[in-house]
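Trainee: Sharing a structure, written as C-alpha coordinates. Questions coming.
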Amino acid sequence: MTVIFSNPAVSIATADDIPAVKDLLNSAYRGEGSKQGWTTEADLIEGDVRTDEQNLQKVIQQPGSVLLKYINEHGQLIGCVNLQQHGNRIYLGMFSVSPKLQGGGIGKQLLKASEEHAHHLQCSSIYMRVVSVRSELIDWYKRHGYADTGRRDPFEDDGTSGRHMQKLEFMVMEKQLTGNKN
(Lines give C-alpha, C1' and ligand atoms only; values in the text may rest on other atoms or scores of the structure.)
Protein backbone atom coordinates (compact mmCIF):
# COMPACT_ATOMS: atom_id res chain seq x y z
CA MET A 1 0.00 0.00 0.00
CA THR A 2 1.37 3.37 -1.06
CA VAL A 3 1.20 6.48 1.12
CA ILE A 4 -1.23 9.09 -0.18
CA PHE A 5 -0.06 12.50 0.98
CA SER A 6 -2.62 15.15 1.90
CA ASN A 7 -0.70 17.71 -0.17
CA PRO A 8 -0.64 16.76 -3.88
CA ALA A 9 2.62 18.73 -4.33
CA VAL A 10 4.42 16.06 -2.25
CA SER A 11 5.43 12.71 -3.71
CA ILE A 12 8.24 10.19 -3.55
CA ALA A 13 11.33 11.12 -5.56
CA THR A 14 12.91 8.72 -8.03
CA ALA A 15 16.41 8.38 -9.47
CA ASP A 16 15.36 10.84 -12.19
CA ASP A 17 14.99 13.52 -9.50
CA ILE A 18 18.54 13.13 -8.15
CA PRO A 19 20.13 16.03 -10.12
CA ALA A 20 17.41 18.47 -8.99
CA VAL A 21 17.57 17.21 -5.38
CA LYS A 22 21.35 17.61 -5.36
CA ASP A 23 21.06 21.18 -6.66
CA LEU A 24 18.38 22.01 -4.09
CA LEU A 25 20.32 20.58 -1.14
CA ASN A 26 23.54 22.30 -2.16
CA SER A 27 21.78 25.65 -2.72
CA ALA A 28 19.93 25.49 0.61
CA TYR A 29 22.90 24.55 2.82
CA ARG A 30 26.09 25.80 1.18
CA GLY A 31 27.56 28.78 -0.62
CA GLU A 32 26.55 32.41 -0.94
CA GLY A 33 23.17 31.61 -2.50
CA SER A 34 22.12 29.70 0.60
CA LYS A 35 22.36 32.91 2.63
CA GLN A 36 19.11 34.05 1.00
CA GLY A 37 17.36 31.60 3.32
CA TRP A 38 17.56 31.17 7.07
CA THR A 39 18.68 27.51 7.08
CA THR A 40 22.12 28.09 5.57
CA GLU A 41 25.25 26.49 7.02
CA ALA A 42 27.53 28.68 4.87
CA ASP A 43 28.92 30.50 7.94
CA LEU A 44 29.77 27.16 9.59
CA ILE A 45 31.01 25.01 6.71
CA GLU A 46 33.10 26.11 3.72
CA GLY A 47 32.34 25.22 0.13
CA ASP A 48 29.36 24.79 -2.12
CA VAL A 49 28.71 21.04 -1.72
CA ARG A 50 26.33 19.48 0.81
CA THR A 51 25.93 16.23 -1.14
CA ASP A 52 26.53 14.69 -4.53
CA GLU A 53 24.59 12.46 -6.92
CA GLN A 54 26.41 9.29 -5.82
CA ASN A 55 25.41 9.83 -2.18
CA LEU A 56 21.81 10.55 -3.16
CA GLN A 57 21.68 7.39 -5.25
CA LYS A 58 22.76 5.41 -2.17
CA VAL A 59 20.10 7.15 -0.07
CA ILE A 60 17.31 6.34 -2.53
CA GLN A 61 18.40 2.70 -2.86
CA GLN A 62 18.79 2.09 0.88
CA PRO A 63 16.13 -0.29 2.23
CA GLY A 64 13.52 1.58 4.30
CA SER A 65 14.54 4.96 2.84
CA VAL A 66 12.39 7.33 0.81
CA LEU A 67 13.08 10.81 -0.46
CA LEU A 68 10.03 13.05 -0.57
CA LYS A 69 9.95 15.92 -3.02
CA TYR A 70 7.81 19.04 -3.12
CA ILE A 71 6.99 20.24 -6.64
CA ASN A 72 5.56 23.70 -7.32
CA GLU A 73 2.88 24.55 -9.87
CA HIS A 74 5.59 25.02 -12.55
CA GLY A 75 6.96 21.50 -12.05
CA GLN A 76 10.09 22.66 -10.21
CA LEU A 77 11.46 20.73 -7.23
CA ILE A 78 11.52 23.29 -4.41
CA GLY A 79 11.65 21.10 -1.29
CA CYS A 80 12.74 17.65 -0.16
CA VAL A 81 13.25 15.44 2.88
CA ASN A 82 14.77 11.97 3.34
CA LEU A 83 12.97 9.55 5.65
CA GLN A 84 14.60 6.33 6.83
CA GLN A 85 12.75 3.72 8.85
CA HIS A 86 14.76 2.36 11.80
CA GLY A 87 12.52 -0.10 13.62
CA ASN A 88 9.48 1.80 14.87
CA ARG A 89 11.14 5.19 14.36
CA ILE A 90 11.76 7.39 11.32
CA TYR A 91 14.99 9.30 10.82
CA LEU A 92 14.44 12.64 9.08
CA GLY A 93 17.36 14.13 7.13
CA MET A 94 18.28 16.15 4.05
CA PHE A 95 15.36 18.45 4.85
CA SER A 96 15.48 21.42 2.55
CA VAL A 97 13.44 24.18 0.92
CA SER A 98 14.67 26.51 -1.79
CA PRO A 99 16.32 29.49 0.01
CA LYS A 100 14.18 32.07 -1.81
CA LEU A 101 10.98 30.28 -0.70
CA GLN A 102 11.80 29.59 2.95
CA GLY A 103 9.26 30.92 5.42
CA GLY A 104 6.33 30.28 3.08
CA GLY A 105 4.99 27.08 4.65
CA ILE A 106 6.66 24.52 2.38
CA GLY A 107 8.76 23.16 5.25
CA LYS A 108 5.65 22.72 7.38
CA GLN A 109 4.00 20.79 4.54
CA LEU A 110 7.05 18.52 4.23
CA LEU A 111 7.02 17.88 8.00
CA LYS A 112 3.32 16.99 7.75
CA ALA A 113 4.02 14.60 4.86
CA SER A 114 6.85 13.06 6.91
CA GLU A 115 4.39 12.38 9.72
CA GLU A 116 1.89 10.90 7.26
CA HIS A 117 4.60 8.55 6.01
CA ALA A 118 5.56 7.61 9.58
CA HIS A 119 1.92 6.92 10.47
CA HIS A 120 1.58 4.78 7.35
CA LEU A 121 4.53 2.69 8.58
CA GLN A 122 3.04 2.64 12.11
CA CYS A 123 6.12 4.33 13.56
CA SER A 124 5.95 5.92 16.99
CA SER A 125 8.36 8.83 16.48
CA ILE A 126 10.48 10.87 14.09
CA TYR A 127 13.99 11.89 15.05
CA MET A 128 16.67 14.04 13.45
CA ARG A 129 20.11 15.47 13.97
CA VAL A 130 20.50 19.26 13.92
CA VAL A 131 23.79 21.16 14.14
CA SER A 132 23.73 22.21 17.80
CA VAL A 133 24.73 25.85 17.20
CA ARG A 134 21.71 26.40 14.90
CA SER A 135 19.48 27.86 17.64
CA GLU A 136 16.96 29.48 15.25
CA LEU A 137 16.45 26.17 13.43
CA ILE A 138 16.26 24.22 16.71
CA ASP A 139 13.60 26.65 17.95
CA TRP A 140 11.61 26.13 14.71
CA TYR A 141 11.66 22.36 15.23
CA LYS A 142 10.60 22.79 18.87
CA ARG A 143 7.60 24.84 17.70
CA HIS A 144 6.69 21.83 15.54
CA GLY A 145 6.77 19.33 18.40
CA TYR A 146 10.39 18.15 18.38
CA ALA A 147 12.28 17.98 21.66
CA ASP A 148 15.97 17.79 22.54
CA THR A 149 16.71 14.20 23.57
CA GLY A 150 19.91 15.25 25.35
CA ARG A 151 21.98 13.13 22.98
CA ARG A 152 24.86 14.71 21.04
CA ASP A 153 26.67 13.12 18.10
CA PRO A 154 29.97 14.24 16.61
CA PHE A 155 29.82 16.04 13.26
CA GLU A 156 33.02 15.07 11.50
CA ASP A 157 34.39 16.49 8.26
CA ASP A 158 33.63 13.88 5.61
CA GLY A 159 35.81 15.18 2.79
CA THR A 160 32.79 15.89 0.56
CA SER A 161 30.50 18.37 2.26
CA GLY A 162 32.98 21.12 3.14
CA ARG A 163 35.52 21.97 5.83
CA HIS A 164 34.07 22.95 9.19
CA MET A 165 35.08 26.44 10.29
CA GLN A 166 34.55 25.53 13.96
CA LYS A 167 34.02 22.37 15.99
CA LEU A 168 30.48 21.15 15.35
CA GLU A 169 28.21 18.52 16.85
CA PHE A 170 24.68 17.33 16.27
CA MET A 171 21.79 17.64 18.70
CA VAL A 172 19.36 14.73 18.39
CA MET A 173 15.74 15.88 18.44
CA GLU A 174 12.65 13.67 18.44
CA LYS A 175 8.89 14.01 18.09
CA GLN A 176 6.55 11.40 19.53
CA LEU A 177 3.64 10.64 17.22
CA THR A 178 0.15 10.06 18.52
CA GLY A 179 -2.07 7.26 17.30
CA ASN A 180 0.69 4.67 16.73
CA LYS A 181 1.01 1.94 19.33
CA ASN A 182 4.60 0.77 18.67
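The values are calculated or read from the model by the stated rules, or taken from the named source; none is laboratory data. Keep in mind the model is a prediction, meaning the values are calculated, not measured. Using ideal geometry, Cβ is built from the backbone for each residue, glycine included, and neighbour counts are taken over all protein chains shown. What goes into the accessible areas is simple: the full protein's heavy atoms, side chains included, and nothing from ligands, DNA or RNA. Shrake-Rupley method; radii C 1.70, N 1.55, O 1.52, S 1.80 Å.
Trainee: Residues of the range 12-28 with backbone nitrogen within less than 18 Å of a virtual label 7 Å along the Cα-to-Cβ line of residue 144, please, listed as ranges.
Mentor: Counting backbone N atoms under 18 Å from the label point, the list is 12-13, 24-28.
Trainee: Might you tell me the accessible area per residue for the range 99-182, computed with a 1.4 Å probe and given in Å²?
Mentor: 54
Trainee: So if we plug the beta-carbon distance of residue 36 and residue 86 into 1/(1 + (r/R0)^6) with R0 = 35 Å, what FRET efficiency do we get, rounded to 0.05?
Mentor: Once rounded, the FRET efficiency stands at 0.55.
Trainee: Shifting gears a bit: Could you calculate the FRET efficiency of residue 100 with residue 14 from 1/(1 + (r/R0)^6), where r is the beta carbon distance between them and R0 is 22 Å, rounded to 0.05?
Mentor: 0.30
Trainee: Restrict the search to the range 1-92; then list the GluC sites (Glu not before Pro) that DSSP places in a loop and that have at most 12 other Cβ atoms within 10 Å of their Cβ.
Mentor: Counting only loop positions with at most 12 other Cβ atoms within 10 Å, the GluC sites (Glu not before Pro) in the range 1-92 are 73.
Trainee: Would you mind telling me the share, in percent, of accessible area of the chain contributed by carbon and sulfur at probe 1.4 angstrom?
Mentor: That fraction is 47 percent.
Trainee: Which of the three applies to the range 8-54, rounded, prolate or oblate, going by the alpha-carbon gyration tensor with a ≥ b ≥ c and a/c under 1.5 meaning rounded?
Mentor: Here the range 8-54 falls in the oblate category.
Trainee: Hey, another quick one. How about the range 87-182: which trypsin sites (Lys or Arg not before Pro) there lie in a loop by DSSP and see at most 11 other Cβ atoms within 10 Å?
Mentor: 163, 167, 181
Trainee: Determine the gain in length on full extension of the stretch residue 120-residue 132; use 0.36 nm per residue of separation and subtract their C-alpha separation, reporting nm with one decimal.
Mentor: Stretched out fully, the residue 120 to residue 132 stretch lengthens by 1.3 nm.
Trainee: With every protein chain left in place, what is the accessible area of residue 157 in Å² (1.4 Å probe, nearest 10)?
Mentor: Estimated to the nearest 10 Å², residue 157 gives 80 Å².
Trainee: Would you mind counting up the charge near residue 57? Only other residues with Cβ under 13 Å from its Cβ, with Lys and Arg at +1 and Asp and Glu at -1.
Mentor: After counting each charged neighbour, the total is -2.
Trainee: For residue 58, give me every one of the lysines with a C-alpha distance below 16 angstrom, ignoring sequence neighbours fewer than eight places off in its own chain.
Mentor: 22
Trainee: Can you give the extra length, in nm with one decimal, that the chain gains between residue 167 and residue 76 once fully stretched, where that is 0.36 nm per residue apart less the Cα-Cα distance?
Mentor: Roughly 29.2 nm would be gained on extension.
Trainee: Would the range 68-153 count as rounded, prolate or oblate if I go by the C-alpha gyration tensor, calling it rounded below 1.5 in a/c and otherwise prolate when a/b exceeds b/c, oblate otherwise?
Mentor: Oblate is the answer for the range 68-153, as a/c is 1.5 or above yet b/c matches or exceeds a/b.
Trainee: Continuing with this model, one more query. Thinking of the chain as a set of Cα atoms, what percent of all their pairs are more than 26 Å apart?
Mentor: 26
Trainee: Let me ask another. Which GluC sites (Glu not before Pro) from the range 78-182 combine a DSSP loop assignment with at most 13 other Cβ atoms within 10 Å?
Mentor: 156
Trainee: Rounded to whole Å, give me the distance from the Cα center of the range 8-30 to that of the range 138-182.
Mentor: Using only Cα atoms to place each centre, the spacing works out to 21 Å.
Trainee: A further question follows. Return the lysines within reach of residue 142: Cα separation strictly under 26 angstrom, same-chain partners fewer than 8 residues apart disregarded; answer none if there are no such residues.
Mentor: Candidates past the 8-residue exclusion: 35, 69, 100, 108, 112, 167, 175, 181.
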